[in-house]
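So the structure is just underneath, and the comments pick up after that.
The values are calculated or read from the model by the stated rules, or taken from the named source; none is laboratory data. Treat the numbers as computed from the prediction; the structure is a model and nothing was measured. Neighbour counts run over all protein chains shown; Cβ positions are idealised from the backbone, glycine included.
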Amino acid sequence: GSESCLTLSSGYLAGQMLSTILQEDGHPFFFAPGSHTAMHKAPEKPFSSWEEMVRALISYVDQGYEELPVLFMDTMDLTGAGYPDFPYLQQLPLEKIILVLDDSHGLGVMGTEGSGMYKTASALNPGELIVCASMNKAMGIPGGIILGNRERIANLRNTTFFSGASPVPPAYLATLMTSTGLYREQYSRLQKLLTYFESLSLPGNLFKRIPAHPVFAYRDKSLTEYLYRNEILVTDFSYAGSGSEYNGRLVINANHRIGDLEKIAVCLQNHYK
């Protein structure tokens, strides 16, 4: 894990704190395609392609500027640019780059016992690694977190941004600190449920998915409507600016039962028979 961390009232605030402080320090920003808007800072825009971003970063590093560039990206990316291989990061001189990762969709469900992507990303040996995330996805805690080395976290704590920000509600944070055993149990249960769901007869090429991740994405709006008629709720919304293409998401969690998964499989088979 990380050497240190701090918490704030939301994942959005965690991302904005990082971009604000790093901008004040004079670092140039490079936003990866699809990176979460919580980390964005006007007037910069995300690159339209990973190839373009890699070329721009290498060009900047080769010019030998004093300030390290900051690369912002998400750990979970359905295009294959993130976990598990991070192929574009392997093309970069990461030792000369500050890497800021949004792990909101990995923390709690990915990594060792759901610990997220910090350890995995550390193995890429960036010049500095900072991870921010919402804890309100898999972990159910209304707050945000920033993970990093001791010096970075200490400096963040000493900013007016942090001292003026609202905290995570103390009762929730206390519950998190005393429930690590329960989180481990739920993570283990989730892995067994995912293994079982994957063993069922599911329509081929329907879902787009990150390996081992409990989110099954699809493009067919009619499936959402069919599942709803059969009393199955899925994630049915699009992020602002994501375009006109439909994005549905079937999410498995540790509180599902075997019977729930079997019902979903039957509905999928019936809808596409």
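Scanning the stretch 216-247 for residues that are modelled with pLDDT of 95 or more and touching a Ser or Thr at 6+ places or on another chain (Cβ under 8 Å) gives a single hit, Val234.
Within the stretch 55-85, being under 24 Å from Tyr12 (Cβ atoms) and of a type in the set (A, V, I, L, M, F, W, C) holds for Val70, Leu71, Phe72, Met73, Met76, Leu78, Ala81.
Select, from Asn205, Asn247, Asn230, the only residue that is more than 28 Å from Thr7 (Cβ to Cβ), loosely packed, with under 12 Cβ neighbours inside 10 Å and of a type in the set (S, T, N, Q).
Working: Asn247 fails: loosely packed, with under 12 Cβ neighbours inside 10 Å; Asn230 fails: loosely packed, with under 12 Cβ neighbours inside 10 Å.
Only one candidate qualifies: Asn205.
A residue that is in contact with a strand residue (DSSP E or B) (Cβ under 6 Å, 6 or more places away or on another chain) and of a type in the set (Lys, Arg) occurs somewhere in the stretch 241-255. From Glu51, Glu3, which residue is farther than 30 Å from Leu182 by Cα, of a type in the set (D, E, K, R) and loosely packed, with under 14 Cβ neighbours inside 10 Å? Checking each option against the conditions leaves just Glu51.
Could you check the stretch 83-115 and list, in sequence order, the residues that are of a type in the set (Ser, Thr, Tyr) and out of contact with any helix residue (DSSP H, G or I) (no Cβ under 8 Å at 6 or more places or on another chain)? If the condition is that a residue be of a type in the set (Ser, Thr, Tyr) and out of contact with any helix residue (DSSP H, G or I) (no Cβ under 8 Å at 6 or more places or on another chain), then Ser115 is the only one that fits. With respect to the conditions (1) modelled with pLDDT under 95; (2) surrounded by fewer than 17 Cβ atoms within 10 Å (Cβ to Cβ); (3) in contact with a Gly (Cβ under 8 Å, 6 or more places away or on another chain), Ser9 falls short on a single one, namely (1).
Looking at the structure I just gave you, is Ala154 assigned to a helix (DSSP H, G or I), modelled with pLDDT of 95 or more and at negative phi?
On the way: assigned to a helix (DSSP H, G or I): yes; modelled with pLDDT of 95 or more: yes; at negative phi: yes.
Against the criterion (assigned to a helix (DSSP H, G or I), modelled with pLDDT of 95 or more and at negative phi), Ala154 qualifies.
Within the option set Asp102, Asp77, being assigned by TED's automatic domain parsing to the domain that holds Gly34 and surrounded by fewer than 20 Cβ atoms within 10 Å (Cβ to Cβ) holds for one residue only, Asp77. Of the residues making up the stretch 129-155, those that are under 27 Å from Leu94 (Cα atoms) and surrounded by fewer than 21 Cβ atoms within 10 Å (Cβ to Cβ) number 6.
Quick check: anything in the stretch 162-171 assigned by TED's automatic domain parsing to the domain that holds Gly15, among the aromatic types (Phe, Trp, Tyr), modelled with pLDDT of 95 or more and closer than 30 Å to Pro46 by Cβ?
Going through the stretch 162-171, the residues assigned by TED's automatic domain parsing to the domain that holds Gly15 turn out to be 162-171.
Okay, now just the ones that are also among the aromatic types (Phe, Trp, Tyr), so 162.
Pick out the ones that are also modelled with pLDDT of 95 or more and you get 162.
Now restrict to residues that are closer than 30 Å to Pro46 by Cβ: 162.
Yes; the residues of the stretch 162-171 include at least one that is assigned by TED's automatic domain parsing to the domain that holds Gly15, among the aromatic types (Phe, Trp, Tyr), modelled with pLDDT of 95 or more and closer than 30 Å to Pro46 by Cβ.
Residues of the stretch 34-50 that are over 19 Å from Pro126 (Cα atoms) and either modelled with pLDDT of 95 or more or of a type outside the set (Lys, Arg) (or both): Gly34, His36, Thr37, Ala38, His40, Ala42, Pro43, Glu44, Pro46, Phe47, Ser48, Ser49.
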